[in-house]
1. With +1 assigned to the C-beta of every Lys and Arg and -1 to the C-beta of every Asp and Glu, and no other charges, what is the dipole magnitude of region A:75-119 about the Cα centre in debye, to the nearest 20?
2. Which order do the peptides A:255-264, B:32-41 take when ranked by the mean count of other beta-carbon atoms within 10 Å per residue, highest first?
3. Starting with the highest mean, order B:48-55, A:167-174 by the number of other Cβ atoms within 10 Å, averaged over the residues of each peptide.
4. How big is Rg to Rh over region A:192-276, alpha-carbon atoms, Rh as the Kirkwood inverse-mean-distance radius?
5. Run the dipole for region A:152-207 about the Cα centre, Lys and Arg Cβ at +1, Asp and Glu Cβ at -1, nothing else charged, and hand back the magnitude in debye, nearest 20.
6. Using a basic spin-label model with each label point 7 Å from the Cα along Cα→Cβ, how many nm lie between A:GLN211 and A:THR54?
7. Beta carbons within 10 angstrom, averaged per residue: use that to sort the peptides A:242-251, A:204-213, highest first.
8. How would you rank B:HIS118, A:HIS195, A:HIS71, going from fewest to most other Cβ atoms within 10 Å of each one's own Cβ?
Amino acid sequence: MTLFQRYRDAIVCVVLLGLPFYYLRASTRSPGHLGEIDRAVVALTSPLHYVGTTIADGIFDVWDRYVYLIHVRRDNERLRAEAARSRADAQRYRDAYEENRRLRRLLQLRVETPIESWAAQVVARDTTPFFRVNRVAIAADHGRARDGMPVITYDGLVGKIDGVVGRYANVTLVADTRSAVDAMVERTGARGIVHGTGEQNRYSAQLAYLQRTDDVRVGDTVVTSGLGCRFPPGLLVGRVSAVTRQEFGLYQEVDVTPAVDFSRLGEVLVLVVPPADCRPGLLPTTQRRTPARSGGTP
Amino acid sequence: MTNALMIAFGLCLLVIQGMVQRLVVSEQLCPMLVVPLVLHLAVGEFSLSRGATLAFVLGYLTDVASSMPLGLYTFTIVALFLFARLAGLKLFLHGMLFQIALTFLGGLVVGLVMLGLHVIFERTALAVRATMVVVASQSVATALVSPLVFAVARRLPGVEAPRTTDRN
């Protein structure tokens, strides 16, 4: 056994302890105080240190990126969920805002209407090629609904109640072919009957039985006349959209675009007065102002 | 092959340690995962030269990974290996509690050696009490996770089981 083999363990231990100790001593000294041996140690170990650091940094860097990506993915999922929740919240707030706006207008209309009325909510729509009937819930005033009661919104006349079942009532719209509303052109007072055309792709009506000689222009507002005691006078029905005069005949064809957007009906007012009371002067002032607010007559 | 496996395992432990360091609230609670591995080397069937060399490499990797002054961990880890080997610790095999106790002791040794080196080379005042708290808390954290490291190190292919009590 050689001397080295005999003392191998001791030599290895001394070297393995001494080398880092000496390197530590050399590296903690300022470069100006490095001796020749220090410089040699640093010079010898620096390349090794560089290679080791580069490899280790590479490994740690890959790991860091992997861990980082896991965090990013988790953050992405969390943020997506938050965004979805926020979108849902925003939609709810928008809906609530719109409902609030509609209810405020309805409340204002109710205050301005000197006719007894109550608010109701549209709960269902039933659109067929032949009839356009909306079903309205009358929860607040159970048992008060009667056939023929007018239904209005802030924009104008919706129709009239046509059948009551329990807490619900069907409303026949102005655009229904079965509907007949005694109306007049507000500007000239020319009278006719508004009835729906029953078109499938849009809500439309016609002002029938209007004398051929009557002055009617596109854009004229059409309001209820109050005759027949079915509707209070002055309720806005719609606006003239087309006028067709034939060379012969007694009447002219007048197309009317309903003032109310039936596809967006939400809350409505049910008027109690007709048919029991059809005194003149019950016209809601809001209804009178509506044409002017939405463009008005020329 | 066994040496490479041990070094690779040590590298994995350092990576995990770096990850844990980010997760724990305080660095004081971050375990030094290499310490149990070095203790496993010290009480295992590794020759003194081979074990010390492996401890040297593991210490060097720890230095590189922890951005400490090069040589600090290298010296400390080799010193720990020699301390454990020379102490002839045989209680290691007597269960998890002894593993935890041994690792806690090893952690204290590492902390004290590093403190000594700091005093020697930095020559700056050190709040001894606060430093001892850090050393102790880190040793506790290391000791608590040490059974896991021991269990994995024992199962590495080609690694002999730690020495049992000498019967011959």
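No lab work stands behind these numbers, since they all come straight from the coordinates. Predicted, not measured: the structure shown is a model, and the values here were computed from it. As a convention, Cβ positions derive from the backbone with ideal geometry for all residues, glycine included, and neighbour counts pool all protein chains shown.
1. Charge dipole, region A:75-119, about its Cα centre: 80 debye, nearest 20.
2. Values: A:255-264: 18.9, B:32-41: 27.5.
Highest mean packing first, the order is B:32-41, A:255-264.
3. On the way: B:48-55: 21.2, A:167-174: 23.0.
In decreasing order of mean packing, B:48-55, A:167-174 become A:167-174, B:48-55.
4. 1.00
5. 60 debye
6. In this crude label model, A:GLN211 to A:THR54 measures out at 10.5 nm.
7. Details: A:242-251: 10.6, A:204-213: 18.4.
Ranking, from highest mean packing down: A:204-213, A:242-251.
8. Going from least to most buried by this count: A:HIS71, B:HIS118, A:HIS195.
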